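Visitor: For reference, the structure I am asking about is given below.
The values are calculated or read from the model by the stated rules, or taken from the named source; none is laboratory data. These numbers come from a predicted model, not from an experiment. Cβ coordinates were reconstructed from backbone atoms using ideal geometry, including for glycine residues, and neighbour counts include every protein chain displayed. Side chains are part of the model used for accessible areas, which takes the heavy atoms of the whole protein and leaves out ligands, DNA and RNA. Shrake-Rupley method; radii C 1.70, N 1.55, O 1.52, S 1.80 Å.
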Amino acid sequence: MKDDRTWVPDGVDLDWIESIARPIPPAAAAIEAAAEPLGVPIVDRHSGRVLAALAAGRRRIVEVGTAYGNSTLWLALGQPADGTIVTIDPDTERTDIARGFWREGGIADERIVQVTAPALDAFAAGDPRLAGPFDLAFIDALKPEYGAYLDALVDGGRLADGALVVADNVLWSGRVARWTQETGGDDRNTAALRAFCEQVAADPRFMSSILPLGDGLLLASWRGAAG
Ligand SMILES: C[S@@+](CC[C@H](N)C(=O)[O-])C[C@H]1O[C@@H](n2cnc3c(N)ncnc32)[C@H](O)[C@@H]1O
């Protein structure tokens, strides 16, 4: 497994962590093998294992950004066997092959619903498949839209009390922590990710932190509108 795609903080020994982990499921290995040569961005296996652990007991999940369905697969493997995932991505060139990987991973077709549309359009249109309430939301699509995805989840009443919001790439290879208006003024992705992290951290309705794992995973538990 190549880890050069992601930023590894000093002192983190991914090789050791990998050495004690059980092998990844063959379907996840197949996704990695398909995605890597084409440069399709997917969560790495360390983040995948964390997603599976976080999905335990969470029956209804929504995901923004499917690609080849690697994160979807890990979430589905960690969920209860009757859990469902609604996953959103407009790029059918990528998402059309995801279903085959999920089948290979033993996930029943009815557990995963694919919404083929830009996420903000689907949320704004009131797509009934996105009504919620969801027990976990995983955000992994357009970086400048992370804040708007979160707003659609919160303002749309789509989060169950105690729901977990997880967002990938929030450290953006270390650039988010280093970003300043002066040095990174025109870097839209970094600026947006930084604003998103600050937005969540300051919101008393969430208990949140950032795991320096993969490219940075933000975890935020929703305490309800009253905070
Ligand atoms: C980083 S990839 C997702 C990887 C996936 N979560 C995984 O780990 O296997 C980001 C995906 O977001 C999708 N995307 C782009 N614009 C989007 C939008 N407006 N709404 C939802 N998804 C979008 C892209 O097509 C791409 O497949």
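Visitor: Out of all the residues in the range 61-98, which are among the acidic types (Asp, Glu) and without any contact (Cβ under 8 Å) to a residue 40 or more places away in the chain?
Guide: ASP82, ASP91, GLU93, ASP96, listed by residue number.
Visitor: What residue, among those in the range 34-89 that are assigned to a loop (DSSP other than H, G, I, E, B), small (Gly, Ala, Ser) and near the ligand (Cβ under 9 Å from one of its atoms), is surrounded by the most Cβ atoms within 10 Å (Cβ to Cβ)?
Guide: Among them, the one singled out is GLY69.
Visitor: Kindly state which helices (runs of 4 or more DSSP H) lie completely within the range 91-198 and contain at least 3 residues that are surrounded by 14 or more Cβ atoms within 10 Å (Cβ to Cβ) and within 14 Å of the ligand (Cβ to nearest atom).
Guide: Where helices (runs of 4 or more DSSP H) fall fully within the range 91-198 and carry at least 3 residues being surrounded by 14 or more Cβ atoms within 10 Å (Cβ to Cβ) and within 14 Å of the ligand (Cβ to nearest atom), they are 98-104, 119-124, 146-155.
Visitor: Any residue at all in the range 97-104 that's under 25 Å from GLY156 (Cα atoms) and aromatic (Phe, Trp, Tyr)?
Guide: There is no residue in the range 97-104 that is under 25 Å from GLY156 (Cα atoms) and aromatic (Phe, Trp, Tyr).
Visitor: Let me ask another. If I go through the range 1-33 residue by residue, how many of them are open to solvent by less than 100 Å² (accessible area, probe 1.4 Å), of a type in the set (A, V, I, L, M, F, W, C) and either modelled with pLDDT under 95 or outside any helix (DSSP H, G or I) (or both)?
Guide: So the count comes out to 8.
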